[in-house]
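What follows draws every value from the coordinates through simple rules; no lab data is involved. Here the structure is a predicted model, which is why all the values come from computation and not from measurement. FYI the Cβ positions are ideal-geometry reconstructions off the backbone, even for glycines, and counts take in every protein chain you see.
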Amino acid sequence: MLTRSSGVLMHITSLPNAFGIGSFGQSAYDFVDFLVETKQTYWQILPLTTTSYGDSPYQSFSAVAGNTHLIDFDLLTQMGLLKESDYASVNFGDDPTSVDYERIFYARRPILETAVKNFLENQSFQADFKHFEKSNRLWLDDFAEFMAIKEHFGNQALQKWDDKKAVARDPNALEKYRTMLAEQIQYLKVTQYFFFKQWLKLKAYANDNHIEIVGDMPIYVAEDSSDMWANPHLFKTDENGKATCIAGSP
């Protein structure tokens, strides 16, 4: 016998704050408290994965990696990785009721780079970060390398990279880019650490208050993704790495 229950669909990006897009910060915890107060059971969200062109959570550069736009700056400040002055005067958008994805794409990066720099200089975090790297080794290295190389080629889609040896994951080419882009690769790994630390803490708070998360995922892996780059044998593609079968949606 099932107990009748209800919940609310509210994606993280829709939560209010001063950073141009909803995050894992205080407003997310306030929303959990609201769900408790109104006797809800479920909080339904959309995929938390990275977004590509079009800013849809259903087309992601990775089926696993988290969207770093959701990292909360106030929480990083509480960790001692930022100062409020690092972001207090930044314009994240002129309309508090909508997300200016292009603006936050450029505005958030230097702030996160500051946090990553401070993080890597603080030895007290390194053991936990190494554990995170080890626990997520099945996807983290591939994602960080893919995104770093992608940025190197002007954020062009995988199939349009100038270096076809990089597209094909030639060992010599990979070693070259790992060395050349080591700093960017490290940045991408640390920001994933930030993402999962904040997300899992929020999820634990919800679960401890008897609110269950109804998750979502991009069930079709994107053509331009670290997943396809690292595992081309799992997909139907032509000799140029283009997908030969693409699913539709209503």
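Among the lysines, select those whose C-alpha is under 23 Å from the C-alpha of LYS130, and discard any that sit fewer than 8 residues away in the same chain.
Cα-Cα hits under 23 Å: LYS117, LYS189, LYS197, LYS201, LYS203.
Using only DSSP helix segments of four residues or longer, with each worth -39500 (n - 2.57), what per-residue ellipticity at 222 nm results for the chain after dividing by its residue count and rounding to 500?
-13500 deg cm²/dmol
Only Cα pairs under 8 Å and at least 6 apart count here; give the relative contact order of the stretch 4-147 as a rounded whole percent.
Here the relative contact order equals 20 percent.
Antiparallel versus total DSSP beta bridges in the chain: what percent is that, nearest 5?
Expressed as a percentage, antiparallel bridges in the chain total about 25.
Determine the gain in length on full extension of the stretch TYR220-ALA204; use 0.36 nm per residue of separation and subtract their C-alpha separation, reporting nm with one decimal.
Difference between extended and current length: 3.0 nm.
What do you get for the angle between helix 140-152 and the principal long axis of the chain? Use alpha-carbon atoms, 0 to 90 degrees, nearest ten.
Helix 140-152 sits at roughly 70 degrees to that axis.
Could you give log10 I(q)/I(0) at q = 0.17, 0.20 Å⁻¹ for the stretch 31-103, computed by the Debye formula over C-alpha point scatterers of equal weight, without solvent?
Reported log10 I(q)/I(0), two decimals: -0.98, -1.13.
Looking at the square roots a ≥ b ≥ c of the eigenvalues of the Cα gyration tensor of the stretch 108-250, which shape do they give, rounded for a/c under 1.5, prolate if a/b is larger than b/c, or oblate?
In terms of gyration-tensor shape, oblate.
Go ahead and collect, in residue order, the members of the stretch 42-62 whose backbone nitrogen is under 20 Å from a label point 7 Å along the Cα-Cβ direction of PHE235.
From the stretch 42-62, the list is 47-62.
Amide H to amide H under 5 Å from GLN44: which residues, 5+ apart in sequence or cross-chain, H placed 1.01 Å off N in plane?
It is VAL8, LEU9, MET10, VAL214, by chain and number.
Compute the distance from the alpha-carbon center of the stretch 1-36 to that of the stretch 151-220, in whole Å.
25 Å
On a 0 to 90 degree scale, rounded to 10, what angle separates helix 126-135 from the longest Cα axis of the chain?
It is inclined by approximately 70 degrees.
What are the ³J(HN,Hα) couplings of the stretch 30-36, residue after residue, when phi is run through the Karplus curve with 6.51, -1.76, 1.60 and θ = phi - 60°? Round to Hz, x for glycine and proline.
Running phi through 6.51 cos²θ - 1.76 cosθ + 1.60 with θ = phi - 60° gives 4, 5, 4, 4, 4, 4, 5 Hz.
Cα convex hull of the chain: how many Å³ per residue?
Given the Cα convex hull of the chain, per-residue volume reads 166 Å³.
Taking 37 °C and 0.692 mPa s as the conditions, I'd like the Stokes-Einstein D for the stretch 88-191 in µm²/s, using the Kirkwood hydrodynamic radius from alpha carbon pairs.
Answer from the Stokes-Einstein relation: 209 µm²/s.
Pop a pseudo-label 7 angstrom from the Cα along the beta-carbon direction at both VAL8 and GLU37 and give the gap in nm to one decimal.
0.9 nm
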